[in-house]
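The block underneath contains the structure these notes are about, expressed in structure tokens.
The values are calculated or read from the model by the stated rules, or taken from the named source; none is laboratory data. As the structure is a prediction and not an experimental result, all values here were calculated from the model. Note that we place each Cβ from the backbone using ideal geometry, even for glycine, and neighbour counts take in every protein chain shown. The protein model used for the area step is the full one, side chains on, heavy atoms only, and it has no ligands, DNA or RNA in it. Shrake-Rupley method; radii C 1.70, N 1.55, O 1.52, S 1.80 Å.
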Amino acid sequence: MRLKLLAVAAAALTFSGSALAQSNCYGSDSYQTCRDTQTGNNYNIQRYGNTTNLQGNNPSTGSSWNQNSQSIGNTTYHRGNSASGNSWNGTSTQIGGTTIHRGIDSDGNMYNKTCNQFGCN
């Protein structure tokens, strides 16, 4: 479940430039370092062209993870490695005010979530 949220967060990072609600971020639009004050997670975010790379870690637990997102047209392609070392991948497709998230999480489970102004299902 946490992985699915990371994909959604990265999609938001790719489109809006900020998805970390409780974070302190420093840097430029092309490179930021952020600390999530609620979880203690640290993020390094690098944006160039239509690509966003995110590397995260939690110093308290020693865990780390990464994600690469690339936007082509109305679709963003995500792939990464979870804190457990398992790989995952998915897409986020924007159609009007609706975003469709599909993929395979780090446990090998398929996910499919549709989000719009009324929420996600």
- [ ] Determine if region 65-78 includes at least one residue that is among the aromatic types (F, W, Y) and either modelled with pLDDT under 95 or over 22 Å from C34 (Cα atoms) (or both).
- [x] yes
Open item on the list: Against the definition (closer than 18 Å to S30 by Cα and either part of a strand (DSSP E or B) or without any contact (Cβ under 8 Å) to a residue 24 or more places away in the chain (or both)), how does N66 come out, yes or no?
Closed with: yes
Task: Selection count where residues are loosely packed, with under 12 Cβ neighbours inside 10 Å and of a type in the set (S, T, N, Q), scope region 100-121 - done: 3
Open item on the list: Please count how many residues of region 56-65 are surrounded by fewer than 17 Cβ atoms within 10 Å (Cβ to Cβ) and within 12 Å of the chain's Cα centre (by Cα).
Closed with: 0
Open item on the list: Condition first: under 11 Å from the mean Cα position of the chain (by Cα) and either open to solvent by less than 70 Å² (accessible area, probe 1.4 Å) or under 21 Å from R102 (Cα atoms) (or both). Now tell me which residues in region 41-55 satisfy that.
Closed with: Y43, I45, T52, N53, L54
Task: Of all residues in region 81-99 being of a type in the set (S, T, Y) and open to solvent by 70 Å² or more (accessible area, probe 1.4 Å), the one that is nearest to the chain's Cα centre (by Cα) - done: S87
- [ ] Please identify the pairs in which a residue from region 24-39 that is farther than 16 Å from T52 by Cα and in a strand (DSSP E or B) has its Cβ atom under 7 Å from the Cβ atom of a residue that is open to solvent by less than 70 Å² (accessible area, probe 1.4 Å) and of a type in the set (G, A, S), counting only partners at least 6 apart or on another chain.
- [x] R35/S23; D36/S23
Open item on the list: Going by what's in this entry, would S18 be described as hydroxyl-bearing (S, T, Y) and modelled with pLDDT of 95 or more?
Closed with: no
